[in-house]
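Working notes for the structure below.
The values are calculated or read from the model by the stated rules, or taken from the named source; none is laboratory data. Treat the numbers as computed from the prediction; the structure is a model and nothing was measured. Every residue, glycine as well, gets a Cβ built from its backbone with ideal geometry; the counts of neighbours run over all protein chains shown.
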Amino acid sequence: MSVSTNPTKLYEGKAKVIYTTSEPEILLATYKDDATAFNAQKRGSIAGKGNINCTISSHLFRYLEAHGIKTHFIDTPTDNQMRVRAVKIIPIEVVVRNIAAGSLCQQTGLPLGTELKSPLVDFYYKSDELGDPLLTRDRILLMEIATPGQIETITNLALQVNRLLQEFFRRCDIILVDFKLEFGLDAQQQILLADEISPDTCRLWDSSQTDANLRVLDKDRFRRDLGNVEGAYQEVLQRVLKAVSS
Ligand code: TMP
Ligand code: ASP
């Protein structure tokens, strides 16, 4: 039996399509312009988003790798394609928050923009069917989604990534409000940072703007119909490119 080397679609998510490659340990992630919010109840498209998010993510993964964080990133054969190490995604969305926004405000009543004394790490169950519910450590253990050691490793990595990304975005005159990470296990059961890091998965505020709407440089522009979505994504890209070239 001959082994096909043609890429086969392995999985299609809301923002990316994952293809197999001729090498079983390497996958190809193609970033899409499609945008969704509120568990895909709101759908649209952001022109150029696939290229922009792939490029921003690739620079952030390179930066994190250079600072000792193991990621799935390999390289970018084209502007919207990323070769990644194959991992089994741990179905937890790990959210790190520095400033209160989004669901934290809705669920706690904390005013938007409240600076948190220390970063908050929240876990959500990655399940569209269940609407990505908030998890507790005990629920993760109950459902056998991760072991105690894996929860500890993921938490420490998320906090380390937060420190590094805060520092990086400071150089871009951007405040890192919060962001979502996903981790996966490679064939050796090693935990790698996976998925993407982009204006789709981070809240990014322009530090030179005080206006609550004008400062938004991320997917909240799409979620909340603030307009100029493409412009905001382009702005983040330009600032990231400037930061990595200086
Ligand atoms: P939240 O305030 O809606 O919980 O979002 C927290 C952060 O996680 C925010 O930066 C956006 C990001 N996020 C995702 O990347 N994917 C999601 O499905 C959700 C709900 C949030
Ligand atoms: N991932 C969300 C969705 O399911 C979008 C978001 O709010 O980031 O549509």
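Test of understanding: among 6, 53, 98, 80, which residue is without any contact (Cβ under 8 Å) to a residue 60 or more places away in the chain and crowded, with 18+ Cβ neighbours inside 10 Å?
80
In the range 113-146, what residues are β-branched (Val, Ile, Thr), more than 12 Å from ligand 1 (Cβ to nearest atom) and closer than 12 Å to residue 92 by Cβ?
136, 140, 145
It is to be established whether one or more residues within the range 37-55 are among the hydroxyl-bearing types (Ser, Thr, Tyr) and more than 16 Å from ligand 2 (Cβ to nearest atom).
Within the range 37-55, one or more residues are among the hydroxyl-bearing types (Ser, Thr, Tyr) and more than 16 Å from ligand 2 (Cβ to nearest atom).
Against the condition over 21 Å from residue 179 (Cα atoms) and either loosely packed, with under 13 Cβ neighbours inside 10 Å or modelled with pLDDT of 95 or more (or both), how does residue 92 come out, does it pass?
The answer is no for residue 92.
Can you work out which of the residues in the range 130-150 that are in contact (Cβ under 8 Å) with a residue 24 or more places away in the chain and not in a strand (DSSP E or B) is nearest to the chain's Cα centre (by Cα)?
The extreme case among them is 132.
Just wondering, is there one or more residues in the range 110-127 that are touching a Gly at 6+ places or on another chain (Cβ under 7 Å), more than 17 Å from residue 220 (Cβ to Cβ), outside any strand (DSSP E or B) and at pLDDT 95 or above?
no
So that you can scan it fast, the table gives a plain yes or no per residue for (1) under 19 Å from residue 160 (Cβ atoms); (2) within 10 Å of the chain's Cα centre (by Cα); (3) away from ligand 1 (no atom under 16 Å from the Cβ); (4) outside any loop (DSSP other than H, G, I, E, B):
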{"residue": "176", "(1), (2), (3), (4)": "yes, no, no, yes"}
{"residue": "179", "(1), (2), (3), (4)": "yes, yes, no, yes"}
{"residue": "189", "(1), (2), (3), (4)": "no, no, yes, no"}
{"residue": "210", "(1), (2), (3), (4)": "no, no, yes, no"}
{"residue": "214", "(1), (2), (3), (4)": "no, no, yes, no"}
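In the range 85-109, what residues are outside any strand (DSSP E or B) and either in contact with a strand residue (DSSP E or B) (Cβ under 9 Å, 6 or more places away or on another chain) or aliphatic (A, V, I, L, M) (or both)?
Correct list: 86, 87, 90, 91, 100, 101, 102, 103, 104, 107.
For the range 101-116, name all the residues that are surrounded by fewer than 18 Cβ atoms within 10 Å (Cβ to Cβ) and among the aliphatic types (A, V, I, L, M).
Passing the criteria: 110, 112, 116.
Which condition breaks for residue 122 when tested against (1) on the phi < 0 side of the Ramachandran plot; (2) in contact (Cβ under 8 Å) with a residue 60 or more places away in the chain?
The one condition residue 122 does not meet is (2).
Among the residues of the range 180-201, is any buried (at least 20 other Cβ atoms within 10 Å of the Cβ) and farther than 22 Å from residue 81 by Cα?
Checked against the condition, which is being buried (at least 20 other Cβ atoms within 10 Å of the Cβ) and farther than 22 Å from residue 81 by Cα, the range 180-201 yields no hits at all.
Condition check ((1) at pLDDT 95 or above; (2) over 19 Å from residue 233 (Cβ atoms); (3) more than 16 Å from ligand 1 (Cβ to nearest atom); (4) not in a loop (DSSP other than H, G, I, E, B)) across all residues:
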| site | (1), (2), (3), (4) |
| --- | --- |
| 27 | yes, yes, yes, yes |
| 43 | yes, no, no, yes |
| 54 | yes, no, no, yes |
| 57 | yes, no, no, yes |
| 60 | yes, no, no, yes |
| 63 | yes, no, yes, yes |
